[in-house]
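Heads up: the structure comes next, in C-alpha cells.
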Amino acid sequence: MCKKFNLRDAMNFVHRWTGLAIALFLVIVGLTGSILAFRSQVDELFNPGLHVEPAPGQQVLPLATLAQRAEAEEPHGALGFFTVEKDQAVFHLVPRTNPATGKPYDGEEFHLALNPYTGERLHCGPRSNPDRACRNVTDFIYSLHTSLTTGTTFGGNFVGAIALIWTIDCFVAFVLTLPRGSGTFWMRWKQAWKVKWRASFTRVNFDLHRASGLWLWPLLFIFAWSSVMLGLRGVYNPVMKHIFPYVTDEEDMIGRMAPQPVDHPKLSWPEAERIGAKLMSEQAALHHFTVERPYGMAYVPVYGSYAYAVRSSLDVRGHGWDTSVSIDGNTGQFRSLDMPRGQHFGNTISTLLWGIHYGDLRDWLLFRILICFFGVLLTALASTGVVIWWRKRAVRSLSRRTHVVATPSH
C-alpha cells in the first residue's frame, strides 16, 4: 500500500538535504563575507604602500590630470575607466594594438594605481600578478567568495546556482517553523523564536538553528537573492523584470551603442571633465540632489561617449560608480543621467542589494560590523544544521541496529 503524500514531510526532506548540500558553501561565503565587509581595511593592512594619506592642505588632482598621468605612465594601455578614492586612484587599462605586430602589447587587461594627490605611481599589473603575494590575500578571498577561486564565469554561475537553491530553501525553512494543529497561532509559533537554554544539547542546538533562522530570515533572504543577482543574472533579470520596472545591463548597453566604435574622440579628457562637471551641476539642480565630489571618468569607444561620475546625496553605497552623466565624445552633448535610485524601482533595489551584500551602505562602520557579525552567524546556522542531521542519523542508525538485534531468528 502506497504511503499517503505528506507535504510537510516532503518539505522536511528538501530542507534537510539541500541544507546539507550547501552547508559548506554557506560556511565559505559566511566567513569570507565577514572579511570582505572590511575589504579596503584588510587590503590596506597587507599593502600599506598602495594607500596614501594627504599632507595637510593637499588636494586631489583634477580627474583629467590623473587620466593624462595614467596614459603617460602606460602608453601601451588604453584607459577605459578610473575611480578616485581618498587613498588611491585606480585605472582600468586595455592593451593597445602594437602596429608592428597587429596584436595587443601584452594581451591582458591590467590596473594602474596612482597617488591621487601627486600622480605618483603606486602599482601596476594584473590583479592576479603572482609577485604581489600580499595584495593577493584580499583578491583570493574575493575570488573564493564569488567564484570558489576559479575566477571564471562558470565559477560565478555555479555560486549563483547554489545561491538560488539557498533562496528557495529560505522559504521552505520558514514554512517549516509554522505551527501545526489547533489553537492560537502566535501562542504556538512564538516557541519557534525561543531557545530553551536549560534543555539538553540536542534541544538547544535545534532551537538555535530554528530561532536564529527566523530572527535572521530577512538578511538570509537578502544575501541569498543578492548572490543570485551577482552570479546568475539569467535567473535574476527575468524575475526582477516580471515584478518591477527594471532595465538589464544588456538593454542599457544596446541603448547606448554607437553605430560604429569611436576610438579617438574629438574631446580631450580636460574638455570632457569640464563639460561633464557642468552637465552634472545642471542635472543635480533639476533632480534635486547635491554633488559631494568628483569620483571618476570613463571613455567607452563602442558607445562613443565619456562618463563623468561623482559622489552624490543619491548614492546608496559608500564606494562605487553610482551617479554619473554620459556625454558624446565628439560633441559634448548630454546623452543620459544614471542615478542609483529614483529611475527604475527594480534597479534601485539592485543597487541596494549590492551595497548590503558587500557591507557598503554609505560606508557606515556600524553596518560593516553588522554584516561582519552576520557572516559569523551564517556559519553557525549552517553548522547547527549539520549537527541536527548528524544526531538524527545516529539515532536512526541505532534504531536499525536495535531492531536487528530484537528480531528473532528462524
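Here the condition is being farther than 30 Å from A277 by Cα and either in the same structural domain as Q88 (by TED's automatic domain parsing) or not aromatic (F, W, Y) (or both); of A64, A37, it holds for A37 alone. For the range 145-168, the set of residues classified as closer than 16 Å to A23 by Cα and assigned to a loop (DSSP other than H, G, I, E, B) consists of L148 only.
For A173, the stated conditions do not hold, so it cannot be described as surrounded by 15 or more Cβ atoms within 10 Å (Cβ to Cβ) and farther than 18 Å from D9 by Cβ.
Looking at the range 284-303 only, could you name the residues that are buried (at least 17 other Cβ atoms within 10 Å of the Cβ), not in a strand (DSSP E or B) and not aliphatic (A, V, I, L, M)? Even if it seems obvious, please write down each step before you answer.
Going through the range 284-303, the residues buried (at least 17 other Cβ atoms within 10 Å of the Cβ) turn out to be 284, 289, 291, 294-301, 303.
Add one more test, that the residue is not in a strand (DSSP E or B), and what stays is 284, 289, 301, 303.
Matches in the range 284-303: F289, P301, Y303.
Pairs are defined by a Cβ separation below 6 Å, a sequence spacing of at least 6 or placement on different chains, a first member in the range 280-301 that is at pLDDT 95 or above, and a second member that is surrounded by fewer than 14 Cβ atoms within 10 Å (Cβ to Cβ); the pairs so defined are F289/S313; T290/S313; P301/P261; P301/D263.
Going residue by residue through the range 65-77, is there one that turns out to be in contact (Cβ under 8 Å) with a residue 12 or more places away in the chain, assigned to a loop (DSSP other than H, G, I, E, B) and closer than 17 Å to W321 by Cα? Looking for residues that are in contact (Cβ under 8 Å) with a residue 12 or more places away in the chain, assigned to a loop (DSSP other than H, G, I, E, B) and closer than 17 Å to W321 by Cα, one finds none in the range 65-77, hence no. Checking the stated criteria, V42 turns out not to satisfy the condition of being buried (at least 16 other Cβ atoms within 10 Å of the Cβ), touching a residue at least 12 places away in the same chain (Cβ under 8 Å), outside any strand (DSSP E or B) and of a type in the set (V, I, T). Restricting attention to the range 333-369, the residues being surrounded by 16 or more Cβ atoms within 10 Å (Cβ to Cβ) and part of a helix (DSSP H, G or I) number 14.
Quick check on this structure: which one of R362, R335 is touching an Asp or Glu at 6+ places or on another chain (Cβ under 9 Å), within 26 Å of P259 (Cβ to Cβ) and basic (K, R)? Please lay out each step first, then the result.
Values: R362 fails: within 26 Å of P259 (Cβ to Cβ).
Result of the check over R362, R335: R335.
Being β-branched (V, I, T) and in a helix (DSSP H, G or I) is a property that holds for T402.
The values are calculated or read from the model by the stated rules, or taken from the named source; none is laboratory data. These figures come from a predicted structure and were not determined experimentally. Backbone-built Cβ (ideal geometry, glycine too); neighbour counts: all protein chains shown.
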